[in-house]
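The numbers here are math on the coordinates, done by the rules we state, and not lab data. This one's a predicted model, so the numbers in the text were calculated from it and none came from an experiment. Positions of Cβ are generated from backbone atoms using ideal geometry, with glycine treated the same way; all protein chains shown enter the neighbour counts.
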Amino acid sequence: MTNIGTERFEKVFNKFTNSKKINEGILLIESTNGEFSLCKGYGGKGLNSPFLMASITKLFTTTCILILLEQGKLSLDDRISEYFDENIIKGIHVYNGKDYSFELTISDLLFQTSGLPDVYLEGKDSVRNRVILEDFYITFIDMIDMVKNLKPRFAPRKEGKAYYADINFDLLGEIIENVSGFKLSEAYKNYIFKPLELSHTYLPENENDEIPQIYYMNQVIHRPKLVISCGPSGGGITTAHELMIFIKAFFGGKLFNKNIFNSLSTYNKLQISMGPIYYGGGYMQIPLNGVISLFMGKGELIGHSGSTGSFAFYYPMKELFFVGDINQMADAALPIRLSMQLAMAAK
C-alpha cells in the first residue's frame, strides 16, 4: 500500500468530517495481514474512544447463533415457535389473511427474509420518531405487540425478497438466551469478548454503564434506556480498536468455522430505503459496481453499518477492513457512503 493510498483515504474521511452534519468521528483502516494501518480521528475521537455500535451489534448476535449452530444446539431450519411461548408467536405474521407465524424459521430471521415489519421505522409511533424526542424503555413484549399491529411486507421466504427489521434480531437474541442458558450480555462475553480479549466492548445492562451520547443533527441526545432496550439488534458499545479485532475475527474464521460462510452468502436486496444494500446470513453486502457508484467500483463490501453512523466492513478484493463511527443519527446512509468511497479510494 503506497502513500498515495493513505492520502486518498484521508481525503475521503476529511471530506465527510468537513460536512456540517459531522461533529466527531473515528476511522481505522487495516489490511488483513496488519502491515497497513491508518487511524484518523476528528472532533476529539481516538482509537479507544467508546461509541455506540447500533446495528453492528447484529454481527455479534449472528456470531452467537453460528457458534450455537456449530455446537449442534440449534439449526437454521428450526421453527422459532420451538423457542417461544405460543402466545408470543401467534399472530406475529398474518399476511393476506394467512397466518405464517408458526412457519417462521431461525434462517428467516438471520437472512431478514421473514417479511416482518420494522417497528423502529414504521408506524406513526415508530421508535425512531419517539427517540428523537425522549428516552424510554421498550420491552421485548412491547416490540412483539407493535409488530402485531403492523402489516408484514411479504410471506416468509418470498424469492429474492428481504426486508430489514430489527425485530428479526430481537427474536434471535431471545433464542440465544433460551438455548445457551446465558443472558445475552453473558453469551457475548463467553463466545466473543473473552476469546478475543475485548475489554472495552460490551452490552450495557443498566443506566450506570457508560453509554455514549449520539448526535441528531447538531443536537446531542443521550438515550441510555433505549440503547439498553435494543440489546441484540443495536445495543452494543465498542471502540475502533476492538471493533477491528472483532471484524477480522468474524470474517477470518476465528470465532466459528469459516466454511459456515458458504451457507450465509445468499444475498437478497433490501427495501428501497436501504439503498444499495443486500442482506446475507446476518450481515450486509454492498456491491460496488452499481448505479450508486456510477459503475466505477469493483467487488463488494461485507459487514454492517449502524443508524448512528457506525460502520464495520471488509473489502475482500483489496483485503482491507474499514471500521469507525461518524456519530450522526439524522442520516443512516452516511456510513454506507463513506465506506463505499473508502473502498473506491483503495487503488
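At 1.567 mPa s and 4 °C, plugging the Kirkwood radius over alpha-carbon pairs of the chain into Stokes-Einstein gives what diffusion coefficient in µm²/s?
Numbers: Rh = 20.3 Å.
Estimated via Stokes-Einstein, D reaches 64 µm²/s.
With +1 on the Cβ of every Lys and Arg and -1 on the Cβ of every Asp and Glu, and nothing else charged, how large is the dipole of region 1-157 about its Cα centre, in debye rounded to the nearest 20?
The calculation lands at about 760 debye.
If you plug each phi of region 334-343 into the Karplus form 6.51 cos²θ - 1.76 cosθ + 1.60 with θ = phi - 60°, what whole-Hz ³J(HN,Hα) values come out, in order, with x for Gly and Pro?
My calculation for region 334-343 gives 4, x, 5, 4, 4, 4, 5, 5, 5, 4 Hz in order.
Taking the convex hull of the alpha carbon atoms in region 135-226, what volume per residue do you get, in Å³?
Output value, Cα hull per residue: 181 Å³.
Any idea which of 117, 132, 60 is furthest toward the positive side of the dipole for region 54-134, if Lys and Arg beta-carbons carry +1 and Asp and Glu beta-carbons -1?
Positive-end residue among those listed: 132.
Which residue fluctuates most in the GNM of the chain (Cα springs below 10 Å): 300, 205, 319?
Checking each option, the largest mean-square fluctuation is seen for 319.
For the chain, set up a Gaussian network in which alpha carbons nearer than 10 Å are linked by springs, and say which option among 315, 216, 164 fluctuates the most.
It is 216.
Going by average Cβ density within 10 Å per residue, which order do the peptides 73-82, 328-337 take, highest to lowest?
Ranking, from highest mean packing down: 328-337, 73-82.
Out of every Cα-Cα pair in region 33-182, what percent are more than 18 Å apart?
Working: 7019 of 11175 pairs.
Distances greater than 18 Å cover 63 percent of the Cα pairs.
Quick one: among 48, 18, 262, which has the greatest mean-square fluctuation in a GNM of the chain with alpha-carbon springs under 10 angstrom?
Comparing 48, 18, 262 in the GNM, the peak value goes to 262.
Compute the normalised compactness of region 244-287: alpha-carbon radius of gyration over 2.2 N^0.38 Å, N being the residue count.
Output field value: 1.29.
Tilt of helix 57-70 relative to the longest C-alpha principal axis of the chain, in degrees (0 to 90, nearest 10)?
Around 60 degrees separate the two axes.
With charges set only on the Cβ (+1 for Lys and Arg, -1 for Asp and Glu), what does the dipole of region 73-118 come to about its Cα centre, in debye to the nearest 20?
40 debye
Determine Rg/Rh for region 195-331; Rg is computed over alpha-carbon atoms and Rh is the Kirkwood hydrodynamic estimate from the same atoms.
0.98
Distance cut-off 27 Å, Cα to Cα: go down the list 183/318; 20/248; 90/161 and report the pairs above it.
Result: 183/318; 20/248 exceed 27 Å.
Out of region 189-261, which trypsin sites (Lys or Arg not before Pro) are coil in DSSP terms and have no more than 14 other C-beta atoms within 10 Å?
Details: sites: 189, 225, 248, 254, 258; in loops: 254, 258.
Qualifying residues, ordered by number: 254, 258.
Determine the principal axes of the Cα atoms in region 1-116, then give the extent along each, sorted from largest to smallest and rounded to whole angstroms.
Projected onto the principal axes, the Cα atoms of region 1-116 cover 57, 36, 24 Å.
Of the listed pairs 40/189; 73/148; 194/269; 189/254, which have alpha-carbon separations greater than 23 Å here?
Long pairs (Cα-Cα over 23 Å): 40/189; 73/148; 194/269.
Per q in 0.24, 0.26, 0.27, 0.29 Å⁻¹, report the Debye log10 I(q)/I(0) for region 78-138, using one uniform scatterer on each alpha carbon and no solvent.
Calculated log10 I(q)/I(0) at the listed q: -1.00, -1.05, -1.08, -1.14.
Relative contact order (percent) for the chain, with alpha-carbon contacts under 8 angstrom and 6 or more residues of separation?
That works out to 24 percent.
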